[in-house]
Amino acid sequence: MQSETIEKMAGVGAVSLWAAFHGWLGWLAILYVVCMMLDCITGTALAIKNKVWSSCKARQGLWHKGGCIIMICVGILMDILMGLLVNHVPGLELPMHYDMLITPVLLTWYITTELGSILENATAMGAPVPSALKNILETVHDAADKDEKKQ
C-alpha cells in the first residue's frame, strides 16, 4: 500500500476510535468539526465566486470559530462542575446521576448554526434548497435555543 493510503486509513481510524470512545458526544463533536470545515469551504467558494474574497474577513470568520470552540470548552467545564456539585455534595441526593447537559445542547446549537450557514452559502451559489430542509434546521436550532434558555 502507498504511504498516503496508510496515513488516511490511520487518520480515519483514529477519529473513529476517539468518537467511539466518547460515545454520542464524541460523534457530536466530530460532526461540529466537519460542519465548521464545510462552512469555511463553502464560504470561501462563495467569496471567490463573487470576487469578494478578503483575508481580513476570512480571519474574522476563523476568530469567530475559535471563540465558538472556547465556548464549547466552557460548556464542558460547566458540565464537569455541575457533575461534581450534584453528584458529590454530602446530603444532596437526586433521583438521577448528572453526566452532561450543557455541552450537548451547545454542540447541537452550534451544529445547526453551521448547517444554516452552509445552507445559505449553497443557496447563494445557486443550489436549489428544499424548504423542508430549511424548516427542519430552524426547528432543531429553535429547540436547542429553548433548552439553552431554560438552564
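Please verify whether residue 83 is farther than 18 Å from residue 116 by Cα, free of Cβ contacts under 8 Å to residues at least 24 places away in the same chain and in contact with an Asp or Glu (Cβ under 9 Å, 6 or more places away or on another chain), treating the condition exactly as stated. Don't jump to the end; show me each part of the working.
Values: farther than 18 Å from residue 116 by Cα: yes; free of Cβ contacts under 8 Å to residues at least 24 places away in the same chain: yes; in contact with an Asp or Glu (Cβ under 9 Å, 6 or more places away or on another chain): yes.
The answer is yes for residue 83.
Could you count how many residues in region 45-71 are surrounded by 15 or more Cβ atoms within 10 Å (Cβ to Cβ) and among the hydroxyl-bearing types (Ser, Thr, Tyr)?
0
When you look at residue 138, is it of a type in the set (D, E, K, R), in a helix (DSSP H, G or I) and either over 22 Å from residue 40 (Cβ atoms) or touching a strand residue (DSSP E or B) at 6+ places or on another chain (Cβ under 6 Å) (or both), yes or no?
Numbers: of a type in the set (D, E, K, R): yes; in a helix (DSSP H, G or I): yes; either over 22 Å from residue 40 (Cβ atoms) or touching a strand residue (DSSP E or B) at 6+ places or on another chain (Cβ under 6 Å) (or both): yes.
Answer is yes for this residue.
Which condition number does residue 112 fail, the rest of (1) touching a residue at least 40 places away in the same chain (Cβ under 8 Å); (2) buried (at least 18 other Cβ atoms within 10 Å of the Cβ); (3) under 15 Å from the mean Cα position of the chain (by Cα) being met?
Condition (1) is where residue 112 drops out.
Take residue 100 and tell me if it is outside any helix (DSSP H, G or I), at pLDDT below 90 and surrounded by 17 or more Cβ atoms within 10 Å (Cβ to Cβ).
It is true that residue 100 is outside any helix (DSSP H, G or I), at pLDDT below 90 and surrounded by 17 or more Cβ atoms within 10 Å (Cβ to Cβ).
Assuming residue 81 fulfils every condition listed in (1) modelled with pLDDT of 90 or more; (2) under 18 Å from the mean Cα position of the chain (by Cα); (3) surrounded by fewer than 16 Cβ atoms within 10 Å (Cβ to Cβ) apart from one, which condition is it?
The single condition residue 81 does not satisfy is (2).
Confirm whether residue 77 is free of Cβ contacts under 8 Å to residues at least 24 places away in the same chain and in a helix (DSSP H, G or I).
Working: free of Cβ contacts under 8 Å to residues at least 24 places away in the same chain: yes; in a helix (DSSP H, G or I): yes.
For residue 77, the condition - free of Cβ contacts under 8 Å to residues at least 24 places away in the same chain and in a helix (DSSP H, G or I) - is met.
For region 23-49, give me each residue that is without any contact (Cβ under 8 Å) to a residue 40 or more places away in the chain and over 26 Å from residue 103 (Cβ atoms).
Listed by number, the residues that qualify are 44, 47, 48.
Could you please let me know if residue 39 is under 30 Å from residue 126 (Cα atoms), surrounded by 13 or more Cβ atoms within 10 Å (Cβ to Cβ) and either modelled with pLDDT of 85 or more or not charged (D, E, K, R) (or both)?
On the way: under 30 Å from residue 126 (Cα atoms): yes; surrounded by 13 or more Cβ atoms within 10 Å (Cβ to Cβ): yes; either modelled with pLDDT of 85 or more or not charged (D, E, K, R) (or both): yes.
Criteria met by residue 39.
Looking at (1) at negative phi; (2) modelled with pLDDT under 95, which is the one condition that is false for residue 23?
(1)
Of everything in region 26-58, what is outside any helix (DSSP H, G or I) and either of a type in the set (D, E, K, R) or closer than 15 Å to residue 104 by Cα (or both)? Give them in sequence order. Walk me through it before giving the result.
Residues of region 26-58 that are outside any helix (DSSP H, G or I), as a first pass: 50-54.
Listed by number, the list holds a single entry, 51.
Please count how many residues of region 71-101 are of a type in the set (A, V, I, L, M, F, W, C) and farther than 24 Å from residue 28 by Cα.
The total comes to 5.
The values are calculated or read from the model by the stated rules, or taken from the named source; none is laboratory data. Since the model is a prediction, treat every value here as computed from it, not as a measurement. Counting neighbours? That spans all protein chains shown, and the Cβs are built from the backbone with ideal geometry, glycine included.
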